[in-house]
Every structure is written in structure tokens, then in C-alpha cells.
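Structure, as C-alpha cells:
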Amino acid sequence: MQHITNKTILVLGAHPDDEIIGCGGTIRHLSERNKVVVVTVTTGNTSANSSDKMEETVIQRSIESDKAASILNVDEQISLGYHSQTLNPYDVSLHHDLIRMIRKIHPDIVLTHYDDYHKDHKALHELVPRSVLQASEEIMVEELGDSHMTSMVLFYEILKPLPSFNFIFDITDTFKYKKEALYSQTSQDRKDGFLISLQQMIEGRALEKGAIIQKKYGEAFRLCDDVLCRLFP
């Protein structure tokens, strides 16, 4: 995986900054020789301090996402505009939007959430493999675009650590970009020290994963066997 070239990588995240936390170092590395597209499903609106500040928060997080995309050298960034804390793995509209994105972008590899404590993360973990599978089938072509087969789906970790993993990506040379991208998310710098705790968690995990492969920093990924078994029987 470390030497992937001339591929299209689709990174699907529930909220602005999820791609930074889960695979920011990998994104930066892969972007040098591949096309990387980040699709964020929600606007992150519920991270506001109060409901009357949600619109302001959406604007701020959009600006921060643009900064992060520039730092991580992302080719294209798309927001689907859903409200945070509303994602449902059985939402047909979301399922179709994901299929439409997959068929439009034509990814070789999809990176998305592993099962997690946050309901939006959990919803994408359940829904993305089904969307990848059905994007490969000859269904609803007129409404959602021509079918496309993705060769691999990998899960990244956010809040809940991966119980096991198939790949650890060496991000020693790109970890500084991951940190810089995270620092750009100033809307997450709350009074309870959330952003500082998040930075500590990210560095700790990166050091742990790096030690396993005898590098300084690493990011782990878990292979989605369900999709592969069905696409390649």
C-alpha cells in the first residue's frame, strides 16, 4: 500500500476533520502520486456552542476544511451538506448520494470509518460497504450514474481504536502535515481542552503504530472483507 501510484482514492468522512484524525498522514503521502478526493457527509453544525451559532459554525468549519485540504494536498473536497448527528445507515437518500459519488469519482480505493462510538461514524461504517457494493451493480444507472467497481475498502480509526488491522502506513515524513491540518481546526478548540486531548491521542496512536513497523509514526487500516468477498468471489 505504501507504493500506490496512479490511483484514485476516495476518503469518506462523517464530519469536517475526520479525515485528518483517521488518515491525514496517509492522505498527504498518497496525494503525491495519486488523485485524492475527500467527501465529508455532514457540515459539523452541532459542534456549535448553541443552536443560534450553528450557521456561523458551518461557515467556520468549511473554511477550516479548505485549509486542511490545502495542507494535505487534496485534489478535490466535497460536502454533502447533511446535518451532524442525523446519519442513519438505513437512509435511502444518503445511500443513493454515496453511490452517486462513488460512480462519479471512480475510486480504486475507499477509506472510511471503522465502527465507533459516534453515531455518525457508526452509520458510515455500516453504510459505505453497501454503497460500494451497489455502486458496482447495474442498478439505477439513469438516476445515479454508470456502475463502478472499487477494488478495496479500508477502515480508519477515530475515537474507538481498531481491534485489529491489516495495514500500517508509514507516515513519518507526513505526520507534520497531519498535525498542521489538525491545528487549523480552531473551531474545535473548546474550553474543555478537546483539541489538545485530540492532538495527544493522535500523536500517541501514531507513535504506537509506528513502533510496530519500526518507524516513528504510522496509521493503521482494517480491510473490509465483506465487500471484497462479494466483489471478488
Determine whether Asp192 is modelled with pLDDT of 95 or more and either open to solvent by 30 Å² or more (accessible area, probe 1.4 Å) or assigned to a helix (DSSP H, G or I) (or both).
no
Exactly one of Gly210, Gly145 is modelled with pLDDT of 95 or more, farther than 24 Å from Gly25 by Cβ and surrounded by 15 or more Cβ atoms within 10 Å (Cβ to Cβ), and that one is Gly145
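Kindly evaluate Lys122 against the criterion of being open to solvent by 40 Å² or more (accessible area, probe 1.4 Å) and in a helix (DSSP H, G or I).
Details: open to solvent by 40 Å² or more (accessible area, probe 1.4 Å): yes; in a helix (DSSP H, G or I): yes.
Yes: the conditions hold for Lys122.
Determine whether region 41-56 contains at least one residue that is modelled with pLDDT of 95 or more and of a type in the set (A, V, I, L, M, F, W, C).
Initially, region 41-56 is screened for residues modelled with pLDDT of 95 or more, giving 41-42.
Pick out the ones that are also of a type in the set (A, V, I, L, M, F, W, C) and you get 41.
Checked against the condition, which is being modelled with pLDDT of 95 or more and of a type in the set (A, V, I, L, M, F, W, C), region 41-56 yields at least one hit.
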In region 54-89, residue farthest from Ile171 (Cα to Cα) [restricted to those that are of a type in the set (Gly, Ala, Ser) and open to solvent by 20 Å² or more (accessible area, probe 1.4 Å)]:
Gly81
What pairs come up if the first residue lies in region 49-68 and is over 20 Å from Asp192 (Cβ atoms), the second is polar (S, T, N, Q) and modelled with pLDDT under 75, and their beta carbons are under 6 Å apart, counting only those six or more places apart or on different chains?
none
Conditions first: (1) farther than 22 Å from Asp170 by Cβ; (2) touching a strand residue (DSSP E or B) at 6+ places or on another chain (Cβ under 6 Å); (3) surrounded by fewer than 19 Cβ atoms within 10 Å (Cβ to Cβ). Thr42 passes all but one, so which condition is the exception?
(3)
Here the residues within region 160-189 that are open to solvent by 50 Å² or more (accessible area, probe 1.4 Å) and of a type in the set (A, V, I, L, M, F, W, C) are Phe165, Phe167
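The values are calculated or read from the model by the stated rules, or taken from the named source; none is laboratory data. Nothing here was measured: the structure is a model prediction, and the numbers come from that model. A quick note on method: Cβ atoms are made from the backbone with ideal geometry, for glycine too, and the neighbour counts reach across all protein chains shown. We work out accessible area using only protein heavy atoms, side chains counted, and drop any ligands, DNA or RNA first. Shrake-Rupley method; radii C 1.70, N 1.55, O 1.52, S 1.80 Å.
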